[in-house]
1. Tell me yes or no: at least one residue of the range B:209-227 is more than 14 Å from chain A (Cβ to nearest Cβ) and either in contact (Cβ under 8 Å) with a residue 12 or more places away in the chain or more than 19 Å from residue A:113 (Cα to Cα) (or both).
2. Report, by residue number, each residue of the range A:118-137 that is facing chain B (nearest Cβ under 8 Å), in a loop (DSSP other than H, G, I, E, B) and hydrophobic (A, V, I, L, M, F, W, C).
3. Out of the residues in the range A:32-71 that are polar (S, T, N, Q) and out of contact with any Gly (no Cβ under 9 Å at 6 or more places or on another chain), which is surrounded by the fewest Cβ atoms within 10 Å (Cβ to Cβ)?
4. Considering B:185, B:180, B:165, which residue is at pLDDT below 90, more than 30 Å from residue B:305 (Cβ to Cβ), away from chain A (no Cβ under 14 Å) and in a helix (DSSP H, G or I)?
5. So, in the range A:68-97, of the ones that are over 14 Å from residue B:212 (Cα atoms) and within 11 Å of another protein chain (Cβ to nearest Cβ), which residue ends up nearest to ligand 1 (Cβ to nearest atom)?
6. Looking only at residues that are without any contact (Cβ under 8 Å) to a residue 24 or more places away in the chain and assigned to a loop (DSSP other than H, G, I, E, B) in the range A:175-214, which one is farthest from ligand 2 (Cβ to nearest atom)?
7. Any residue at all in the range A:144-158 that's within 23 Å of residue A:40 (Cβ to Cβ) and in a loop (DSSP other than H, G, I, E, B)?
8. Look through the range A:72-131, keep the residues that are of a type in the set (D, E, K, R) and within 16 Å of ligand 2 (Cβ to nearest atom), and return whichever of them is surrounded by the fewest Cβ atoms within 10 Å (Cβ to Cβ).
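The values are calculated or read from the model by the stated rules, or taken from the named source; none is laboratory data. Quick caveat, the model's predicted, so the values are computed rather than measured. Because the Cβ atoms are built from the backbone with ideal geometry, glycine has one as well, and the counts that use them run over all protein chains shown.
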Amino acid sequence: MFFSGVLILFNHATIGEPAIIEMKDVCIRYDQGPEILSDINLALKRGSFHFLTGKSGAGKTSLLSLMYLAQHPSRGILNVFGKNVNFTDRDEMAILRRRIGVVFQDFRLIEHLSAFDNVALPLRVCNMNEKEVKKRVKELLCWVELDKHMYDKTSTLSGGEKQRIAIARAVINRPDVLLADEPTGNVDNDIARKLMKLFIELNKLGTTVVIATHSDKLITDFPYPRLHLNNGGLRIYEPRDFIRGV
Amino acid sequence: MSSRASALITRKQELPLHSDATGLFLEIMISIAVFLFAVTLAGVLSINSMLSAWNNSILGSLTIQIMPVNTVDIQKSREETLLHQDKVVEFFKSLPEVESATPLSDDQLWALLQPWLGDGINILELPTPRIIDVRIKHGEVIDYPKLAERLIDVSPLASLDNHKLWLNKLINFADGLKVLAMSILVLVVAISTGAIFYTTQTNLGLHRNIIEILHIMGAKDAYIAQQYAKRDAFIGFFGGVCGLVFAVPTIFMIAHLAAQIEGGIINEAKLDFFSWGLILSLPLFSALIAMLTAYYTVKRTLEKMM
Ligand SMILES: Nc1ncnc2c1ncn2[C@@H]1O[C@H](COP(=O)(O)OP(=O)(O)O)[C@@H](O)[C@H]1O
Ligand SMILES: [Mg+2]
């Protein structure tokens, strides 16, 4: 007993800072279907920046949904901020999710609400006082140049405007982790570069970033490591591997 | 705390609960439930006041009847009966629980008998029973069977009739009615909470997308449950007010009809100030029940979601 206790202490000491998101032999399946991803092992360090690549249907969105805690792995261990999600109760999960910002592929805005109310969502769910909410949301909406549409219903806005709302909503709470699902999928190169710049800025401020994409251009232009999904498995490529491969 | 409370009231509701059809259904359902509840409750409260009035009258007084002495000579019979009456009055006056014992006068007896016998009959010419009205001191309880035994010793012609026999039957009947009415009250509450439970569940399914977004943004279940609780509190209150608007005239109408029954039995069924207060505060209770049911339904249902 005593020795195993010492061993555990020793273990922690050698690992150093735990990964922010860690997966051990993780599998994903939907209902009784086949496993979409199998035996995924992965550890994202605080402040890292990764691309997540793979063909359409490879499981990028599914893997991200594990990371933003929308589902549990069907097998294996998932630790987020050092907590094993299988042993975390619902309210604690909510608290963990507040530290994660997500930009969905299809934005997933609440259409009957205004731009302002959509962006305010992550602040309001943690009961921030309305004065502070107003201040922060206005500031951010000015920054993404949506102040003119602040009180317009989201359903009346264009795709590009919706995307900016989605991004503003993802970053309003200054998350520790930012997950973006094909954020440059529907925009031209110019805007894609601008978006990448924003993500890189946030990363420099300490945010851990994962961006799912199938754009080769993005990957070659920005030298970040790549999590690649293929046939239900995950391979990690360092940027130099990739360049060598080209 | 107060700023949090005010934020709760003024807070933007992310779920479009005010514009959906389940709200109208619930409001109609609750107004019907409160209508039934109010009318039944008025019934229960009236029965209660009736029962306590009857119980009081049992406690407060008793009537002694003395059969006429059976002889051919009417005048002699009358005199001997009056002797028995005096003995019985003496006996009752000697009891510490008794406040007064008053024999009915000839005029009073005649007034009682006249409806049956018709005019033009002199009761002095008939062998009539005598009646003694006995008042019991306030708060004293009489052991009726024992008293009846002692009374026979005093005079075999005297019999104790304390309304208890028939009132007892009436009281038992009213008690049964009360139990029935109370089970209706329980049933109405059960059906309403059931309906709120199912509409809330349906509604959660309807807004599954938004709820998932709220969860991913870090909303706790309580945050979502509060939005439902707040809406259903309003629905419960306004539904309750609608129900009362119909229930109050109905109660008055029933009371009016009941008052026309002769005999004064129903006259005891008065709703006092407290009863009316209870009935008029029903919307507060329906709001509270709707609120709590919605809150716990959401909490329970969400536990099976993401
Ligand atoms: N909610 C779901 N229910 C059932 N199957 C799903 C669901 N979401 C995704 N899938 C399946 O999982 C696989 C991976 O999908 P997805 O993660 O969206 O891949 P990607 O984002 O890389 O295109 C696909 O075959 C898809 O059909
Ligand atoms: Mg996808």
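1. We begin by selecting, within the range B:209-227, every residue more than 14 Å from chain A (Cβ to nearest Cβ); these are none.
The answer is no, given that none of the residues of the range B:209-227 is more than 14 Å from chain A (Cβ to nearest Cβ) and either in contact (Cβ under 8 Å) with a residue 12 or more places away in the chain or more than 19 Å from residue A:113 (Cα to Cα) (or both).
2. In the first step, residues of the range A:118-137 are kept if they are facing chain B (nearest Cβ under 8 Å); the result is A:120-122, A:124-127, A:129-130.
Subsequent filtering for residues that are in a loop (DSSP other than H, G, I, E, B) retains A:125-127, A:129.
Of everything in the range A:118-137, those that are facing chain B (nearest Cβ under 8 Å), in a loop (DSSP other than H, G, I, E, B) and hydrophobic (A, V, I, L, M, F, W, C) turn out to be A:125, A:126.
3. First, the residues of the range A:32-71 that are polar (S, T, N, Q): A:32, A:38, A:41, A:48, A:53, A:56, A:61-62, A:65, A:71.
From what is left, the residues that are out of contact with any Gly (no Cβ under 9 Å at 6 or more places or on another chain) are A:32, A:48, A:53, A:56, A:61-62, A:65, A:71.
Numbers: A:32: 5, A:48: 18, A:53: 23, A:56: 8, A:61: 17, A:62: 17, A:65: 19, A:71: 14.
It comes out as A:32.
4. Details: B:185 fails: at pLDDT below 90; B:180 fails: at pLDDT below 90.
B:165 is the lone residue from the list that is at pLDDT below 90, more than 30 Å from residue B:305 (Cβ to Cβ), away from chain A (no Cβ under 14 Å) and in a helix (DSSP H, G or I).
5. We begin by selecting, within the range A:68-97, every residue over 14 Å from residue B:212 (Cα atoms); these are A:72-89, A:91-92, A:95-96.
When the remaining residues are screened for being within 11 Å of another protein chain (Cβ to nearest Cβ), the result is A:72, A:89, A:91-92, A:95-96.
Details: A:72: 14, A:89: 24, A:91: 25, A:92: 24, A:95: 25, A:96: 21 Å.
In this case the residue turns out to be A:72.
6. Filtering first and then ranking leaves A:205.
7. Keep residues of the range A:144-158 that are within 23 Å of residue A:40 (Cβ to Cβ), which gives none.
No, there is no match, as no residue in the range A:144-158 is within 23 Å of residue A:40 (Cβ to Cβ) and in a loop (DSSP other than H, G, I, E, B).
8. Top of the filtered list is A:106.
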